Amino acid sequence: MGELVQGDITEQRADVIVNTANSALLSGGGVNGAIHRRGGPAILAACRELRASRYVKGLPVGEAVATTAGNLPARWVIHTVGPVYSQTEDRSDLLVSCYLRSLMLAEDLGAKSLAFPAISTGLFGWPVADSARLVSRLLSSARVNLDVRLVLFSASDLRLYEEALRATDHRVTDAEIVRVLAAVPANRWRALFEAADRITSADLEGIGSEAVENMFRHLFRAPLVVRCDYSDAFREGRRPESLTVAEAVRLITYIWREDYWNGGGTGVLEGRIRDGSLPAALGTLRRWVERSQPGAAHEGPSQKSTL
Ligand code: AR6
């Protein structure tokens, strides 16, 4: 769970500082203006380069990209473009995606700590209380391996965040699981399914196998081992082919917690492989990813997957 502080984002000592950028990746007001002012011209130069190469049309809303942090007390700035608040359209998925994409990118960079401002709550008009609710829910559902600091500019915004954190119960809904999945980038899905494809039946004899460990590492990074409850139904046999994508994630979480997390030996992983439910859960995920991100779940040309 994140740490809450009141302060100026540009003064945070963290591996990553997140910027509330605009699609053009140009300097602006608010956090963005402060970051470019304090960070110096190196950040804008890196942004221009990105505009000339990867993001000719600009950085899409909900995505994140990293640059140098220039003179800031951080190693990287991650730029993310929040959605403009709308009273008529629910853009929460995009706001959550800004946070998730930034977190996943920070992990990929090897960062250990990250500081977020309250994305979209300034010029883009998102009500702070609602952003606090969404961010609290997200941080209690997705599993991240980073120290996360939420930096609020004013005492009243800090209070709203404190209230939201206190009010968050930790029962993650199916819709929230799907929201996390939707923000997972294609490279993580590909790595996961490739890892699953490399598992042979010999690997399944014991869970100490390197290939199985590797797959779990990728499940963890997806981050498919979410902080969710798992239904009691998974304790008993259940028609695995009828799993929804959220149930597939709950099942994987269950296997992780019951067996892998405990160092193995409980037989849950082996049992779920033999009764077909882990392969079915991965199959459900694959189909879901194939539908929502065509190409991301592509299987190797000749590999016949065991899982
Ligand atoms: N440190 C921490 N928080 C700050 C700081 C700071 N130095 N300055 C402002 N805030 P905003 P947005 C708070 O406007 O809504 C930019 O011009 C602020 O009180 O930075 O995502 C870009 O170029 C508010 O709660 O971001 C974009 O065009 C929060 O940070 C657009 O504005 C976010 O305010 C992005 O708008």
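What follows draws every value from the coordinates through simple rules; no lab data is involved. Everything numeric in this text was worked out from a predicted model, so none of it was measured.
Data overview
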read-out	value
P(r) tail fraction, the stretch 3-170 - alpha-carbon pairs more than 28 Å apart, %	14
For the stretch 3-170, share of DSSP beta bridges that run antiparallel, in % to the nearest 5	25
Sequence-distant residues sharing a close amide H with L150 (under 5 Å, placed H)	E3, L4, V5, F116
Of the DSSP H helices in the chain, those whose Cα atoms cover at least 24 Å axially and whose Kyte score averages -0.5 or more	92-109
When the convex hull of its Cα atoms is projected in every direction, mean area for the chain (nm²)	16.6
Value of [θ]222 nm, deg cm²/dmol, for the chain, DSSP H segments ≥ 4, -39500 (n - 2.57) each, nearest 500	-13500 deg cm²/dmol
P(r) histogram, all alpha-carbon pairs of the stretch 37-83 included - 5 Å bins from 0, percent	5, 23, 28, 25, 16, 3, 0
Globularity index of the stretch 59-116, i.e. its alpha-carbon radius of gyration over 2.2 N^0.38 Å	1.23
